[in-house]
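**Student:** I have a structure I would like to understand better, so I am pasting it below and will then ask my questions one at a time.
The values are calculated or read from the model by the stated rules, or taken from the named source; none is laboratory data. Owing to the predicted nature of the structure, the values given are computational and were not obtained by experimental measurement. Note: ideal-geometry Cβ built from the backbone for every residue, glycine included; neighbour counts use all protein chains shown. Keep in mind that these areas ignore ligands, DNA and RNA; they rest on the heavy atoms of the full protein, side chains included. Shrake-Rupley method; radii C 1.70, N 1.55, O 1.52, S 1.80 Å.
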Amino acid sequence: MMLDNELHAAREATGTAAKDGAQAYYDSYTASLADPDRFWGEQARRLTWISPPTRIKNTSFEKGNVSIKWYEDGTLNVSANCIDRHVATNPDKVAIIWEADNPKAPSRHITYRELLEETCRISNVLKAHGVKKGDRVVIYMPMIPETAFAMLACARIGAIHSVVFGGFSPDSLANRINDSDAKVVITADFAPRGGKTTPLKSNADAALLHCSDKVKCMVIRHTGGQIHWTPGRDIDLTDEMRKAPSYCSYAEIGAEDPLFILYTSGSTGKPKGVVHTSGGYLAYASLTHEVCFDFQPDDIWWCTADVGWVTGHSYIVYGPLANGATVLMFEGIPTWPDAGRFWDVVDKHKVTHFHSAPTAIRSLMAQGPEWVDGHDLSSLKMLGTVGEPINPEAWNWYHQHVGKGKLPVIDAYWQTETGGHLICPHPYGTPLKPGSATTPFWGIKPVVVDAATGQVQEDMGTEGVLCIADSWPGQARTVWGDHARFEDTYFSQYPGLYFTGDGCRRDEDGYYWITGRVDDVLNVSGHRMGTAEIESALVAHECVAEAAVVGFPHDIKGQGIYAYVSLMRGVEPTEELRKQLETWVRQEIGPIAKPDLIQFAPGLPKTRSGKIMRRILRKIAENDHGTLGDISTLADPGVVDDLIANRMNRG
Ligand code: WTA
């Protein structure tokens, strides 16, 4: 445990006094649970409303009647909250500092005034092409300021955006365009990243072959590289922005009108479109950004996530911009051109808050501390980690080498569905324990449930699955077009509770230790993926009869992807086919889903009723086959010997 006096030293070293001391922080927590209406009613004042809400909380987790509404009679505009109100007070403040993939390319500094103009131009182009309130716009973009402009431009006119990570394949993009029934896709010619480029426009061309021919494609010229053009469908957004008026009035939007859809993987079926609405989401993103990181107006905020994931939505765009922050946006990766790139950027732009993911920290740790030690990191005041459990070794390395043994490490636990942090420390108020996300944020009531009995565990020291007992404003409202799936996924296992899908331990001090997903969701390099998605991609290959995918511990990625594949009769299991299948999955889903290990298996372990016993497959993938437990219920116990003999992970 980090000692209290170290924390005090940290606080002094950074020169920032926390707005609230530890006691005030925990008092606010108690108040938030005691009277949510009052607490969240006060918090609503951090936003600028067109018509302030009088009704604060109206939520039910009751199965069959799940309904989540916050601030429901209030109206506001999210883009006006993130832009216009700061332009009114501080127009020349830098909103976005952009650092290109290529370290030699000039950085860009975009003021709040410029942010307003660029956003308005895109709003005007969208309107000119018939996009209206409630229409869906898919954004498939590189990490460039135009991506943030496009998101805010949608919010300005009340269109609902759905950002698709640039690493997804044309098929994945097409599925999301079709599921959300989007009117427009906004993309760019190419996305440079780590010295390579992804051909976004040509991926969009391939995706649009599977979509309605009414879908328009708006293109930002980013690299200027050559692209294919479909007249009538493709719109040169860079050119039209130049011609469009630089002001667009903002629409009055209901607090419960959707702001965005973000697709995420679950344990079954295709990715689901998680829906976030406007008022509660923005209040929660901005509050957590400010409080959990003790954010101050002159800070330079850098979160290294991609805008294609929820962390980029809440902690690159909406939370920080609602707070009038200066946000650094980085196009590249931690290890290109070399493993010192992050620290070059911190030094160059005098970053004060650095928020990254365990997988990035582990990959840098593997390159050796010399890549960090030579840099001037004296501007840093605070470090963050998010996306997966962080092992204490990586935590300590981060704290020692990047934080010079002084800076607090904020381990923030949350999900696409939660809109913002659920469990995380207060930077100066919570004694830290490496590897634990520590204690719940304001308004969050975690409960640990025994998975077998469904009983809520009252003891402090306990273990089970993590649920949340009551709603908070940042919570997702539904699954796009499928409210039944929303109820079924999150509210059916443990009646009256929101089920996170994560396992956890609570220690005697009331600290939470997330142990990872308990469903068939993998967390690979902080990217969330359903095993079912990868399996269905594999079986779509003509040589594959059946596939089962499980995770296994991976030093850098956290979890690796292990696929067991049974081939069609007569197909030879060759090295070449293994490579082909890897490429196939990359094409079907995207590079992040490529299996690390593929084992050809003549048979999979199944019960007599035909259910695959994943427990056994997981053990073998983990190279822990000594204790497989009871295998007598298998239809053919003999397959297990073959699986063990030909296992791919012998580490
Ligand atoms: C995992 C990312 C441990 C968890 C914000 C969760 C974490 C899933 C942490 C959500 C953390 C996220 N410690 N595990 N600090 N943060 N997770 O939807 O398994 O991409 O359910 O949201 O990531 O991933 P998602």
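**Student:** Mind giving me the FRET efficiency for S249 and A645? R0 is 60 Å, r the Cβ-Cβ distance, nearest 0.05 is fine.
**Tutor:** 0.30
**Student:** Still on this structure, I have one more. Which one, G368, Y398, S378, is farthest towards the positive end of the dipole of segment 344-429 when Lys and Arg carry +1 and Asp and Glu -1 on their Cβ?
**Tutor:** S378
**Student:** In square angstrom, what is the accessible area per residue of the chain with a 1.4 angstrom probe?
**Tutor:** Here the residues of the chain average 37 Å² of exposed surface.
**Student:** Could you give the length gained by full extension between T583 and D338, i.e. 0.36 nm per residue of separation minus their alpha carbon distance, to one decimal place?
**Tutor:** Length difference between fully extended and current span is 85.5 nm.
**Student:** Mind putting together the pair-distance distribution for the chain? All Cα pairs, 10 Å bins, whole percent per bin, short to long.
**Tutor:** Cα pair-distance distribution for the chain, in percent: 3, 16, 26, 28, 19, 7, 1, 0.
**Student:** Taking the Kirkwood radius as the inverse of the mean 1/r across Cα pairs, report the Rg/Rh of segment 142-186.
**Tutor:** 0.97
**Student:** Still on this model: Give, as a single signed number, the net charge of other residues whose beta carbon lies under 14 Å from the beta carbon of G629, with Lys and Arg counted +1 and Asp and Glu -1.
**Tutor:** Values: positive: R614, R615, R618, K619; negative: E622, D624, D630.
Counting the neighbours of G629, the net charge comes to +1.
**Student:** Please find the FRET efficiency linking D555 to S51, where r is the Cβ-Cβ separation and R0 is fixed at 35 Å, and quote it to the nearest 0.05.
**Tutor:** Between D555 and S51 the formula returns 0.10.
**Student:** Relative to a virtual label point 7 Å from the Cα of S267 in the Cα→beta-carbon direction, which members of segment 606-649 show backbone nitrogen distances below 13 Å?
**Tutor:** 614-615
**Student:** Tell me the relative contact order for the chain as a rounded percent, counting alpha carbon contacts under 8 Å between residues six or more apart.
**Tutor:** 13 percent
**Student:** Considering only protein heavy atoms, what is the solvent-accessible area of W343 at a probe of 1.4 Å, reported in Å² to the nearest 10?
**Tutor:** The accessible area of W343 comes to roughly 0 Å².
**Student:** OK, next. Taking 7 Å along the Cα-to-C-beta vector as the label spot, tell me the A484-A105 distance in nanometres, rounded to one decimal.
**Tutor:** Each label point lies 7 Å from its Cα, and together they span 4.7 nm.
**Student:** Express the carbon and sulfur contribution to the solvent-accessible surface of the chain as a percent, rounded to the nearest whole number, probe 1.4 angstrom.
**Tutor:** C and S fraction of accessible area: 50 percent.
**Student:** Could you tell me the relative contact order of segment 149-247? Use alpha-carbon pairs under 8 Å, at least six residues apart, and round to a whole percent. Don't skip to the end; give the middle numbers.
**Tutor:** Values: 115 pairs, mean separation 23.9, N = 99.
Computed over segment 149-247, the figure is 24 percent.
**Student:** Sort 582-588, 154-160, 643-649 by the packing proxy (mean of other Cβ within 10 Å over each peptide's residues), most packed first.
**Tutor:** 154-160, 582-588, 643-649
**Student:** Moving to a separate point now. Expressed as a rounded percentage, what relative contact order does segment 377-459 have, with Cα pairs under 8 Å and six or more residues apart?
**Tutor:** Rounded, it is 24 percent for segment 377-459.
**Student:** Could I ask something else about it? Consider all pairwise Cα distances in segment 447-560 and report the whole-number % of them above 20 Å.
**Tutor:** The calculated P(r) of segment 447-560 puts 55 percent of pairs beyond 20 Å.
**Student:** Report the Cys residues of the chain lacking a disulfide-compatible partner, meaning no second Cys Cβ under 4.7 Å from their Cβ.
**Tutor:** So far as the 4.7 Å Cβ criterion goes, C82, C154, C211, C217, C292, C303, C424, C467, C504, C543 stand without a partner in the chain.
**Student:** Can you give me the C-alpha center-to-center distance between segment 336-409 and segment 51-83, rounded to a whole angstrom?
**Tutor:** Taking the Cα centre of segment 51-83 as reference, the centre of segment 336-409 is 37 Å away.
**Student:** Additional query: Report, in listed order, any pair from K57/K183; K201/K579; K69/K270; K133/K594; K63/K619; K272/K445 with a Cα-Cα distance greater than 28 Å.
**Tutor:** The answer is K57/K183; K133/K594; K63/K619.
**Student:** S378 to R505: extension gain in nm, 0.36 nm per residue of separation minus the Cα-Cα distance?
**Tutor:** Working: separation 127, 0.36 × 127 = 45.72 nm, distance 3.55 nm.
Once the chain is fully extended between S378 and R505, it gains 42.2 nm.
**Student:** For A451 and R221, FRET efficiency with R0 = 51 Å and r from the beta-carbon atoms, rounded to 0.05?
**Tutor:** Given R0 = 51 Å and the Cβ-Cβ separation, E is 0.45.
**Student:** What lysines does K406 reach when the alpha-carbon gap must be under 23 Å and sequence neighbours fewer than 8 apart in one chain are set aside?
**Tutor:** K19, K348, K350, K381, K433
**Student:** Express in % the proportion of alpha carbon pairs of segment 208-350 at distances exceeding 22 Å.
**Tutor:** On the way: 6312 of 10153 pairs.
Tail fraction, whole percent: 62.
**Student:** At a 1.4 Å probe radius, which order do R193, R136, R477, R569 fall into by accessible area, largest first? Can you show the working numbers first?
**Tutor:** Numbers: R193 120, R136 40, R477 20, R569 235 Å².
So, going from the largest accessible area down, we get R569, R193, R136, R477.
**Student:** Okay, moving on. Roughly speaking, what is the stretch gain from N178 to K404, that is 0.36 nm per residue apart minus the C-alpha to C-alpha distance, in nm to one decimal?
**Tutor:** Extra length available between N178 and K404 comes to 76.5 nm.
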